[in-house]
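Structure first, then comments.
The values are calculated or read from the model by the stated rules, or taken from the named source; none is laboratory data. Quick caveat: nothing in here was measured; it's all calculated off a predicted structure. Reconstructed Cβ throughout: ideal geometry from the backbone, glycine too, with neighbour counts over all protein chains shown.
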Amino acid sequence: MNRVGRRSALRIFLTRPEVGSLVGALVVIVFFSVMAPTIRNPDSMSTVLYQSSTLGMMAVGVALLMIGGEFDLSAGVAVITSALTASMIAYQLNVNVWVGVGIALALSLGIGAFNGWMLVRTGLPSFLVTLGTFLMLQGINLAITRLVTGNVATNDISNMAGFSSAKALFSSTLDVGGVGMSVSILWWLALVMAGTWILLRTSAGNWILAVGGNAASARAAGVPVKATKIGLFMGVGLCAWIAGMHQLFEYDTVQSGGGVGLELEYIVAAVVGGCLLTGGYGSIIGAAIGALIFGVVSQGVVYAGWNPDWFKFFLGAMLLLATLVNMAVRSQVDRK
Amino acid sequence: MKCAIVRAPGRLVALVLGTVLLLSACSSTGGARSAETAGRSFPRLRIAMITHQAPGDTFWDIVRHGAEAAAANDNVDLIYSNDQYVSGQAVLIQNAIDQRVDGIAVTLPVPDALGGEVRAAERAGIPVVAFNAGFDAWKRLGIPMYIGQDETLAGRAAGERLSREGARHVLCVIQAQGQVQLDARCKGLQEGLTSGRSERLYVNGADMPSVRATITAKLQEDPSIDYVLALGAPIAMTAIVAVKAAHSKAKIVTFDTNGQVVRAIEDGSIEWAIDQQPYLQGYEVIDALWLLITNGNVLGAGRTILTGPSFVDARNVRAVAKYAARGTR
Amino acid sequence: MIGKPVIELRNISKWYGNVRALDDVSITVRDGEVTCFLGDNGAGKSTLIKITSGLHPHDSGSLRIDGKDVHLSSPRQALDLGIATVYQDLALVALMPVWRNFFLGSELLRGVRPLRRLDVQRMRRVAHEELGKIGIDLPNIDAAVGKLSGGEMQVVAIARAIYFGARVLILDEPTAALGIKQSGIVLKYIAAAREKGLAVIFISHNPHHAYLVGDHFVVLHLGRSALDVDRSQITLEQLIGHMAGGAEIEALAHELGHVTG
């Protein structure tokens, strides 16, 4: 009397949240392989992966948070805040760069904890709470940098103690079969694996799914809802630190006005990857595929030699298409 | 009233604080300080500088440093404000008029849109001096002086030099869409470039990794590009990384200098930088306004007072290096 | 032990702002018995279970569990004391698969400290077995729980509560949205839980369902306890009459008879 579980393997595969984004990724990769043959070179693939990795790192944290039912609009500028902190602390206090790196980590986690705490304290939608944090961080980034350095960018720290070892960790370039691959791609993959593990294989992941799906039910079942949400925001903070450190050690100086607008790209990557805007469902691997789609499209437009004025339009259209494909696949499969 | 609840020491503190605040408020206005200039004392002037700086644009940092230096020397209270959108800039000019400043230094990215505000300032008796943008319009708006040069001029100068160097295909990298000064530079480049063609590449200046990836991709896609022209120092530095990643032989030239760019010119990663001497622009416009207000002097005899363009390249970089390191070149 | 008091509410009151939801209510719930809380909407039934399940604290009076005074501050605390509540919205997350819901908040883990992970295989197997025991044979234990029928969802929630060693089962209007056959499944399950020695608190505004399984009946009216009797002391007709609207229904019948007559 065992009617359980012997559905066809194909059916099982098709119900996974990543499927739509996978289809979308294949579509754009094939499309640009035809329209922009240059993209097929290993060097070009390295460029595409680099673009995807810097976006994808943040998309992991943002996707986990979205599955947990919340948004973080401050994620874009938080990356810059982290980088600015490490740079200015090291330069102004004249200490080893690693001290700045460590303080930046503490600050990034602190900002995440603040976002989470404000959310549980006020009960306001996370959209509003993090909009406030976004504006504050944007102002702080500009104002403190000007206060400390007198400029809109930090000083060059490339000749300070600890810089080369930190650079090796956060932004070196590895030789993979003659092609240069940025180590950010490895960080991205590591975050994706960690995020997937947490979501699918730990009790914390079960809590995240429950809290995003129905926070009241989760609470009634004994899940620590507040702690889970704060933890998720701190996860975004951790990703912001990694992304910020990469940016600092790759480009030596940090532009204080950076990061604005990127928070929406992270959300788009997560949604394209199958995360429901309302929470409770999604996939970290899907978000990684979403970031890949973004990289392919944004660089593909350049490789195809299209008029750059059309770039934003094409990007939006591609992303809309990928999302529609995602939803179509899901509804097909959900029909019994 | 809750006065009764405040205990005596609290009230004393409040009184002391209040007195301190009152005294400090008194001392900041009303011409208390005076400058020692040629044995005569001059009143402290309030001058508003209103530019079209977009957030994070390093060029304007240097303009501001120059303006602050002049303000310190001339005993001027400098009020700096900026808005990248011309409608916002117009409002800022109106604010300055409402605050009854002694003089206004303004950029004219879209001269006709700001013409109304400029005339309103003149009617209110506030002298206006223009700088940096509005090269061909300042005179007809009735402005007595214009300092600096146009971005279009600078672009043309870049194009002409590149032509002398035999450039075939120049990539003009624009880091923010919709900004007049950046567009003007690329347009000028196109006008001045006679030895080949130029092409624009839009990148997202708010996302440095994306800037690098996009430039790399473009160089990989089109190996005929032999020059990359950046429109700002940070973009030039990223272009160095991108060119290396693309294994390209393209040379890098840029607008505007900073400490890093100067070092890059010294070691050859950047060929040259076109220097509009933003520090000089900022300094001169404040100083010229001061002379106009205190002594009715007009500099320039009705013609543009040029501050550039000048080129910083391997030949003269050493002279500039120490100024660039401290953020004023 | 049958008949031993497990939850004792003594003079419990609760305010929500200015509204008094419960006024000096005293009730005893015993092991091995089904205690029915009845009453019209707004009578205070929901408030009573929110207090016993740890969602909201009581404002005055005492709550005793196994003879000890407690002040519950979280659902986790109540769960740890063996009080399992099945709410009207079931505390199930519709998007999650059945097995994840079954073990929500009490996940089975395996492995050593740094890499403690979910024992997915065991959880799927146990969930499938437990549901099989109550006659639910799901073709796919990974299906989202939102795809089950109303009755099936109720029973999943009850099965979960019993599996995790609940001693007290609080059911909030479990048959309210169900048809006859589905209600039958739930009522049979309530009886089975009683046989196992659990104390069951069954909230309803359907006296017929309550009388089918109840051993003790408490009727609430506007936050107060209006009736508190054993099964042996009351008939179904009397019970119906006592519930809010007994007298009002008669008057209404008179009126309507007048109009149509």
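Quick notes
- Qualifying residue in region B:279-302 (condition: of a type in the set (A, V, I, L, M, F, W, C), surrounded by 22 or more Cβ atoms within 10 Å (Cβ to Cβ) and without any contact (Cβ under 8 Å) to a residue 60 or more places away in the chain): no
- Scanning region C:123-164 for residues being under 28 Å from C:Leu81 (Cβ atoms) and at the interface with another protein chain (Cβ under 9 Å from one of its Cβ atoms) gives a total of 1.
- Considering the conditions (1) crowded, with 20+ Cβ neighbours inside 10 Å; (2) at pLDDT below 75, A:Glu18 is excluded by exactly one of them, (2).
- Check on A:Phe13, in contact with a helix residue (DSSP H, G or I) (Cβ under 9 Å, 6 or more places away or on another chain), within 25 Å of A:Val176 (Cα to Cα) and either modelled with pLDDT of 90 or more or part of a helix (DSSP H, G or I) (or both): no
- Residues of region B:260-270 satisfying the condition of being surrounded by fewer than 20 Cβ atoms within 10 Å (Cβ to Cβ) and either within 10 Å of chain A (Cβ to nearest Cβ) or within 22 Å of B:Ala217 (Cα to Cα) (or both): B:Arg263, B:Ser269
- Members of region A:175-197 that are closer than 21 Å to A:Glu70 by Cα and surrounded by fewer than 19 Cβ atoms within 10 Å (Cβ to Cβ): A:Ala194, A:Trp197
Residues checked against (1) modelled with pLDDT under 85; (2) in a strand (DSSP E or B):
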site	(1), (2)
C:Ile12	no, yes
C:Trp15	no, yes
C:Ser26	no, yes
C:Leu38	no, yes
C:Gly42	yes, no
C:His56	no, no
C:Gly61	no, yes
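- The listed residue being part of a strand (DSSP E or B) and within 11 Å of another protein chain (Cβ to nearest Cβ), out of A:Gly139, A:Gly222, A:Gly212, A:Gly180: A:Gly180
- Members of region C:91-118 that are facing another protein chain (nearest Cβ under 7 Å) and aliphatic (A, V, I, L, M): C:Ala91, C:Leu92, C:Val93, C:Ala94, C:Leu95, C:Met96, C:Leu104, C:Leu109, C:Leu118
- Looking only at residues in region B:313-329 that are modelled with pLDDT under 85 and surrounded by fewer than 14 Cβ atoms within 10 Å (Cβ to Cβ), the one that is nearest to B:Tyr279 (Cα to Cα) is B:Arg326.
- Filtered residues of region A:263-300 (kept if assigned to a helix (DSSP H, G or I) and of a type in the set (S, T, N, Q)): A:Ser298, A:Gln299
- Verdict on A:Ala243 being closer than 23 Å to A:Leu189 by Cβ, within 21 Å of the chain's Cα centre (by Cα), more than 8 Å from every other protein chain (Cβ to nearest Cβ) and crowded, with 23+ Cβ neighbours inside 10 Å: yes
- The set of residues from region B:157-194 being within 18 Å of B:Pro278 (Cα to Cα) and free of Cβ contacts under 8 Å to residues at least 60 places away in the same chain comprises B:Leu182, B:Ala184.
- Single residue of C:Ala84, C:Ala43, C:Ala78, C:Ala91 found to be out of contact with any Cys (no Cβ under 6 Å at 6 or more places or on another chain), on the phi > 0 side of the Ramachandran plot and of a type in the set (A, V, I, L, M, F, W, C): C:Ala91
- Residues of region B:185-201 satisfying the condition of being surrounded by 21 or more Cβ atoms within 10 Å (Cβ to Cβ) and either within 14 Å of another protein chain (Cβ to nearest Cβ) or among the aliphatic types (A, V, I, L, M) (or both): B:Cys186, B:Leu189, B:Leu193, B:Ser198, B:Leu201
- Residue list for region C:134-165, restricted to those being out of contact with any His (no Cβ under 9 Å at 6 or more places or on another chain) and of a type in the set (Val, Ile, Thr): C:Ile134, C:Ile136, C:Val145, C:Val155, C:Val156, C:Ile158, C:Ile162
- Pairs meeting the criteria (first residue in region A:164-192 and charged (D, E, K, R), second residue modelled with pLDDT under 95, beta carbons under 6 Å, at least 6 apart or on different chains) are A:Lys167/A:Phe249.
- Yes/no for A:Ser165 being under 22 Å from A:Val99 (Cα atoms) and either more than 10 Å from every other protein chain (Cβ to nearest Cβ) or touching a helix residue (DSSP H, G or I) at 6+ places or on another chain (Cβ under 7 Å) (or both): yes
- Residue check, C:Ser53 in contact (Cβ under 8 Å) with a residue 60 or more places away in the chain and within 14 Å of chain A (Cβ to nearest Cβ): yes
The rows are residues; the columns are (1) modelled with pLDDT under 90; (2) over 30 Å from A:Phe249 (Cα atoms); (3) in a strand (DSSP E or B).
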| position | (1), (2), (3) |
| --- | --- |
| B:Ile126 | no, yes, no |
| B:Val129 | no, yes, yes |
| B:Phe135 | yes, yes, no |
| B:Cys172 | no, no, yes |
| B:Ser195 | no, yes, no |
| B:Glu199 | no, yes, yes |
| B:Pro209 | no, no, no |
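- Restricting C:Asp80, C:Asp89 to those that are among the charged types (D, E, K, R) and modelled with pLDDT of 85 or more reduces the list to C:Asp80.
- Residue match in region A:73-81 (condition: within 17 Å of A:Leu264 (Cα to Cα), aliphatic (A, V, I, L, M), part of a loop (DSSP other than H, G, I, E, B) and touching a residue at least 60 places away in the same chain (Cβ under 8 Å)): yes
- A:Leu93 meets the conditions (1) surrounded by fewer than 17 Cβ atoms within 10 Å (Cβ to Cβ); (2) at pLDDT 95 or above in every case but one. The failed one is (2).
- Here A:Ser108 meets the list (1) within 18 Å of A:His246 (Cβ to Cβ); (2) crowded, with 21+ Cβ neighbours inside 10 Å; (3) more than 21 Å from the chain's Cα centre (by Cα) almost entirely, failing just condition (3).
- Residue match in region A:88-105 (condition: within 16 Å of the chain's Cα centre (by Cα) and either assigned to a loop (DSSP other than H, G, I, E, B) or of a type outside the set (A, V, I, L, M, F, W, C) (or both)): no
- Of the helices (runs of 4 or more DSSP H) that lie entirely inside region B:213-326, those containing 2 or more residues that are among the hydroxyl-bearing types (Ser, Thr, Tyr) span B:278-295.
- Exactly one residue out of B:Arg168, B:Arg156 is away from chain A (no Cβ under 14 Å), surrounded by fewer than 24 Cβ atoms within 10 Å (Cβ to Cβ), more than 21 Å from A:Val302 (Cα to Cα) and charged (D, E, K, R), and it is B:Arg156.
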